[in-house]
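The values are calculated or read from the model by the stated rules, or taken from the named source; none is laboratory data. None of these values were measured; they are calculated from a predicted model. Cβ coordinates were reconstructed from backbone atoms using ideal geometry, including for glycine residues, and neighbour counts include every protein chain displayed. The protein model used for the area step is the full one, side chains on, heavy atoms only, and it has no ligands, DNA or RNA in it. Shrake-Rupley method; radii C 1.70, N 1.55, O 1.52, S 1.80 Å.
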Amino acid sequence: MTTTPRREFLKFAGWGAVALTLPAVGKAAASVLQASGNSRPNIVFILADDYGWGSAGCYGADEKLVRTPNIDRLAREGRRFTDACTASSVCSPTRYAVMTGRYCWRTPLKFEVLGVFDPLWIEPSRLTVASLLKQCGYCTAAIGKWHLGYGPAKPVDYTQPLRPGPLNVGFDFHLGIPSNHGDVTGIYVDCEHVQGLRSSKLTPSGACYYGGKPFLGLDAPQRKDVDVMDVLTNRAVEWIGAQTPDKPFFLYFTPVAVHEPVTPSDQCKGSSKAGPYGDWIHELDRSVGKILAVLDQQKFTENTLVIFTSDNGGENKKTRSGEQVAAIAAGLQMNGAWREGKHSIFEGGFRVPYVARWPGRVPAGTVCDETIGLVDTLATVAAIVGAPLPVVAQGAEDSYNILPALLGEQTVEPLRPALIEHSADGVFAVRSGPWKWIEGKCAKLKPPKSRATEFRAQLYNLRDDPAERHDVLEQNPGVVQRLAALLQQYRVQGFSRPT
């Protein structure tokens, strides 16, 4: 592989000088900044889209239907988690939680997701994974699906600089798509601008994948859905290839697969016996393989923590596409044995694959049953680089340090006393030990009748009943009272991590 020098790549990618106003992380972070670059690991965080727990070989997917050798490699060379949960059963809220260490329901977004014309949802003054690492001397990039908004106000004007955006919350570089690869924008965002924007002229035309709405018609090169995975993956590979050993880097890579529209490339079409959706899973694994290959080629592997996970589970049976229905008919258990999937309050919407590899630190070929959340990313990264978190009132309000679980250390007590789950409809659940209590109140004024079972209080013992089939609420009033009080405490005090 030909490596592009860092300076030339920055020029090619259109990086500019960006002033960041970041919250201070204290004296310990300052000492970290003085440390040698190679004393801190590179971090590659891969956040797939709608990728269910049962869709990878290392989580039990039938290899006769789908094969995921690269994701499986990470599990073989690292640690596989069986109880990793997203903060939400849809994407924008989970992505907010990953970046900020804060549950998104603490913001005005009480249900569903952001739209393509919503402003930046992360406050530029808020500590993020990227801003913390940037202060600690890291090069940072966000490549892939963003879905956290751009600009200061709604509706976003894509003909103007998309500021504030990723570059204002800690990233040096951004190449992404605003929402999903079939959305109405039809473009890529390069740092703070629509890529290749020629003028402010708008010529709406055609119909996008979602609801037949016309494309925005920006005067810029238009995306081809089938090419998006290659474009994003290849740019991520180029960016890693431009890094040097003397300075650590953080890549937040968010592929669009396996969210619909299902658009496998020619290289993956027809490769799965689960049909086009199986091919789409192969496309995701192929992307992961390219990332691992460039890390190997650049000799970064030994000093790089790679985490692969997903923003929520696969679609539930009420909202699946035709390709997903066909894959399930062929035998694919998209979400494993967990109940329901994306959007819902049941475990299929939250329980996701989570594998971590860090040679010499994360024990290879191991499995961990510890309950962890994707919201724990910020606190864990802070522990890795030795940077303190702000006080709970100022940031990382719901993020726990799960580094002991990553490193395979034995602990007497669970790292997390409880975890809050929040569905697309605004229904809350509390996970604590074996228990899962569903509050049953819906934030929507008109909740969908198709998911009416979610809008009543329920209690499940996930140790005895992982598929959430037997509601034991009436038999355990003390458990219900304790978890209801805990949820109310977390709401009122504005945080859930220890002070």
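So which of 289, 241 ends up being of a type outside the set (S, T, N, Q) and over 19 Å from the mean Cα position of the chain (by Cα)? Exactly one residue qualifies, and that residue is 241. Quick one: would you say residue 390 is more than 19 Å from residue 93 (Cα to Cα) and either charged (D, E, K, R) or in a loop (DSSP other than H, G, I, E, B) (or both)? Spelling it out, residue 390 is indeed more than 19 Å from residue 93 (Cα to Cα) and either charged (D, E, K, R) or in a loop (DSSP other than H, G, I, E, B) (or both). Out of 216, 202, one residue alone is touching a Pro at 6+ places or on another chain (Cβ under 9 Å) and open to solvent by 20 Å² or more (accessible area, probe 1.4 Å). It is 216.
Go through the residues of region 56-75 one by one and say whether even a single one is crowded, with 24+ Cβ neighbours inside 10 Å, in contact with a Gly (Cβ under 6 Å, 6 or more places away or on another chain) and within 24 Å of residue 185 (Cα to Cα). Within region 56-75 (the criterion being crowded, with 24+ Cβ neighbours inside 10 Å, in contact with a Gly (Cβ under 6 Å, 6 or more places away or on another chain) and within 24 Å of residue 185 (Cα to Cα)), the answer is no, since none of the residues qualifies.
For region 368-382, filtered to residues that are in contact (Cβ under 8 Å) with a residue 40 or more places away in the chain and of a type in the set (S, T, N, Q), the residue that is surrounded by the fewest Cβ atoms within 10 Å (Cβ to Cβ) is 371.
Look through 205, 199 and report the one residue that is modelled with pLDDT under 95 and over 22 Å from residue 92 (Cα atoms). The conditions single out 205. Being touching a Pro at 6+ places or on another chain (Cβ under 7 Å) and aliphatic (A, V, I, L, M) holds for only one residue in 284, 332, 251, 292, and it is 284. Scanning region 265-285 for residues that are within 22 Å of residue 176 (Cβ to Cβ), of a type outside the set (A, V, I, L, M, F, W, C) and crowded, with 20+ Cβ neighbours inside 10 Å turns up 283, 285.
For region 307-318, what are the residues that are assigned to a loop (DSSP other than H, G, I, E, B) and open to solvent by less than 50 Å² (accessible area, probe 1.4 Å)? Step through it out loud before you land on a result.
Our first condition is that a residue be assigned to a loop (DSSP other than H, G, I, E, B); within region 307-318, this holds for 311-314, 316-318.
311, 312, 313, 314, 316 - these are the residues of region 307-318 that are assigned to a loop (DSSP other than H, G, I, E, B) and open to solvent by less than 50 Å² (accessible area, probe 1.4 Å).
The single condition among (1) part of a helix (DSSP H, G or I); (2) touching a residue at least 24 places away in the same chain (Cβ under 8 Å) that residue 325 does not satisfy is (2). Looking at this structure, is residue 95 open to solvent by 10 Å² or more (accessible area, probe 1.4 Å) and among the basic types (Lys, Arg)? So residue 95 fails the test. Within region 363-387, the set of residues being more than 16 Å from the chain's Cα centre (by Cα) and either part of a loop (DSSP other than H, G, I, E, B) or over 22 Å from residue 131 (Cβ atoms) (or both) comprises 363, 364, 365, 366, 367, 368, 369, 370, 371, 386, 387. Which residues, counting only those in region 343-367, are of a type outside the set (Phe, Trp, Tyr) and open to solvent by 10 Å² or more (accessible area, probe 1.4 Å)? Within region 343-367, 343, 351, 359, 360, 361, 363, 364, 365, 366, 367 qualify. From the list 294, 256, 288, 262, the one residue that fits, being open to solvent by less than 10 Å² (accessible area, probe 1.4 Å) and part of a loop (DSSP other than H, G, I, E, B), is 256.
Selection within region 281-334: residues that are hydroxyl-bearing (Ser, Thr, Tyr) and farther than 26 Å from residue 99 by Cα. The member of this set that is modelled with the lowest pLDDT is 319. Count of region 98-109 residues, restricted to those that are more than 12 Å from the chain's Cα centre (by Cα), within 23 Å of residue 316 (Cα to Cα) and crowded, with 24+ Cβ neighbours inside 10 Å, is 2. Across region 174-196, not a single residue is classified as part of a loop (DSSP other than H, G, I, E, B), of a type in the set (D, E, K, R) and open to solvent by 30 Å² or more (accessible area, probe 1.4 Å). Residues that are surrounded by fewer than 17 Cβ atoms within 10 Å (Cβ to Cβ) and polar (S, T, N, Q) were ranked within region 445-488; the one that is nearest to residue 338 (Cα to Cα) is 453.
Is there any pair linking a residue in region 154-170 that is charged (D, E, K, R) to one that is open to solvent by 10 Å² or more (accessible area, probe 1.4 Å), with Cβ under 7 Å and at least six apart or on different chains, and which? Listed by first residue and then by second, the contacts come to 154/117; 154/118; 154/119; 163/192. Return the residues of region 99-131 that are farther than 17 Å from residue 392 by Cα, in contact (Cβ under 8 Å) with a residue 60 or more places away in the chain and hydrophobic (A, V, I, L, M, F, W, C); say none if nothing qualifies. The answer is 111, 113, 114, 116, 130.
Can residue 134 be described as touching a residue at least 60 places away in the same chain (Cβ under 8 Å), open to solvent by 30 Å² or more (accessible area, probe 1.4 Å) and outside any loop (DSSP other than H, G, I, E, B)?
When the stated conditions are applied, residue 134 passes them.
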